[in-house]
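Only one structure is covered here, and it is reproduced in the block below.
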Amino acid sequence: PNPVTSVKLVLLGEAAVGKSSLVLRFVSNEFQENKEPTIGAAFLTQKLTIGDRAIKYEIWDTAGQERFASLAPMYYRNAQAALVVYDVTKPASFVKARQWVKELREQASKDITIALVGNKYDLVEDDNEEDLVRKVNVEEGQNLADEEGLLFFETSAKTGYNVKDVFVAIGNKIPEA
Ligand code: GDP
Ligand code: MG
């Protein structure tokens, strides 16, 4: 039997982009329409099997509010992986995501695996040519990811679209224990 690889993972991003909802989808395969805001940070674990590898994610889901931002280093300092989440309908949340990526590149472990995640894809998947609801283009996300060497996904915690894929992709980048 293969040993279990533990992976410390932190979620960062503006309030209400869906960080806790992504974790809830990944851990319980559930979604709550009116999820209560996270206070401080929440800790959850989830096992994932990728091929013949077993990974145990130790997840720190942080609060997005500015007043908690000074606590973030406590959570990302020892993290091997980070999800930097924005909302594809909220440009300000993408600006914030850029700032988190910069901070992680400056302050976090050199070999941290970062996934940039544009959440709430369900709100834009039926957009017509005028793209009224989507405010952050796929190209903007992909460009940032290419510049900074990040994994990149658009997801929906609501439908589950691409959520597990993010964690599988991260697991594949983490070396064996
Ligand atoms: P957090 O502050 O980043 O942890 O965000 P939450 O997970 O608390 O979600 C904020 C709000 O957005 C809640 O009302 C969620 O139900 C909603 N939400 C989260 N993810 C999605 C999604 O993928 N699609 C839609 N339509 N709503 C979402
Ligand atoms: Mg939350």
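The values are calculated or read from the model by the stated rules, or taken from the named source; none is laboratory data. In this text the structure is predicted, and so the values were computed from the model without any measurement. Every residue, glycine as well, gets a Cβ built from its backbone with ideal geometry; the counts of neighbours run over all protein chains shown. Only protein heavy atoms, including side chains, enter the accessible area calculation; ligands, DNA and RNA are left aside. Shrake-Rupley method; radii C 1.70, N 1.55, O 1.52, S 1.80 Å.
Out of the residues in region 60-70 that are part of a helix (DSSP H, G or I) and open to solvent by less than 60 Å² (accessible area, probe 1.4 Å), which is farthest from residue 141 (Cα to Cα)?
Out of the qualifying residues, it is 68.
Of the residues 20, 93, which is within 16 Å of ligand 2 (Cβ to nearest atom), open to solvent by less than 10 Å² (accessible area, probe 1.4 Å), in contact with a strand residue (DSSP E or B) (Cβ under 7 Å, 6 or more places away or on another chain) and not charged (D, E, K, R)?
So the residue among 20, 93 that is within 16 Å of ligand 2 (Cβ to nearest atom), open to solvent by less than 10 Å² (accessible area, probe 1.4 Å), in contact with a strand residue (DSSP E or B) (Cβ under 7 Å, 6 or more places away or on another chain) and not charged (D, E, K, R) is 93.
Six or more apart or on different chains, Cβ atoms under 7 Å: show the pairs whose first residue is in region 55-67 and under 16 Å from residue 77 (Cβ atoms) and whose second is open to solvent by less than 10 Å² (accessible area, probe 1.4 Å) and more than 14 Å from ligand 2 (Cβ to nearest atom).
If the second residue must be open to solvent by less than 10 Å² (accessible area, probe 1.4 Å) and more than 14 Å from ligand 2 (Cβ to nearest atom), the pairs left are 58/7; 58/9; 59/9.
If a residue has to be more than 15 Å from ligand 1 (Cβ to nearest atom) and open to solvent by less than 50 Å² (accessible area, probe 1.4 Å) to count, how many in region 71-90 make the cut?
Counting residues in region 71-90 that are more than 15 Å from ligand 1 (Cβ to nearest atom) and open to solvent by less than 50 Å² (accessible area, probe 1.4 Å) gives 4.
Is there any pair with a first residue in region 2-13 that is in a loop (DSSP other than H, G, I, E, B) and a second that is surrounded by fewer than 18 Cβ atoms within 10 Å (Cβ to Cβ) whose Cβ atoms are under 8 Å apart and which are 6 or more apart or on different chains, and what are they?
2/52; 2/53; 2/54; 3/54; 3/177
Identify the single condition in (1) open to solvent by 30 Å² or more (accessible area, probe 1.4 Å); (2) modelled with pLDDT of 90 or more; (3) out of contact with any Ser or Thr (no Cβ under 6 Å at 6 or more places or on another chain) that residue 57 does not satisfy, given that it satisfies every other one.
Single failed check for residue 57: (1).
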